[in-house]
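As structure tokens, the structure follows; a few thoughts come after it.
The values are calculated or read from the model by the stated rules, or taken from the named source; none is laboratory data. These figures come from a predicted structure and were not determined experimentally. With ideal geometry, Cβ positions are generated from the backbone for all residues, glycine too; neighbour counts draw on all protein chains shown.
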Amino acid sequence: MTYRRSQDSTGPLFLLWFRLFALPLPAATGELMTAEVDHSQDRDTCRKLISLGYARSNQVRLYGQEMKLVSDPFPTEGGIAIEVVGSDGSPSRRIKLPLSILQMAASKRVA
């Protein structure tokens, strides 16, 4: 006895299952997805970064450049950022901290 596998994955059973059990996507229903974001973990990470030396008035090397920090780390939409001034006297700018630094801070404990 041999079994044949159907070449059509959108057969009637699949379509019936899909209609019964698949949830509509919010975009298809015209609804907006809203959720509150818990920033407490970001605040903890910022405190750890400060204790590791990423604090206002300190100098660090980021992205291959010596920079003076003019702010403490703060949460942003895309991660954690900091305001810096280049050692060459360039104007203040906001940069995101590299993921490797954030991972290091996440692995450390603050006393």
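Quick check on SER100: is it of a type in the set (Gly, Ala, Ser) and touching a strand residue (DSSP E or B) at 6+ places or on another chain (Cβ under 8 Å)?
Working: of a type in the set (Gly, Ala, Ser): yes; touching a strand residue (DSSP E or B) at 6+ places or on another chain (Cβ under 8 Å): no.
In short, no.
Filter region 71-104 for residues that are farther than 18 Å from THR45 by Cα and not in a strand (DSSP E or B) and give the result. It would help to see each step written out before you state the result.
The first filter runs over region 71-104 and keeps only residues farther than 18 Å from THR45 by Cα, leaving 84-93.
Passing the criteria: SER87, ASP88, GLY89, SER90, PRO91, SER92.
Filter region 22-68 down to the residues that are more than 22 Å from the chain's Cα centre (by Cα), modelled with pLDDT of 90 or more and of a type in the set (A, V, I, L, M, F, W, C) and list them by number.
Residues satisfying the conditions are VAL60, MET67.
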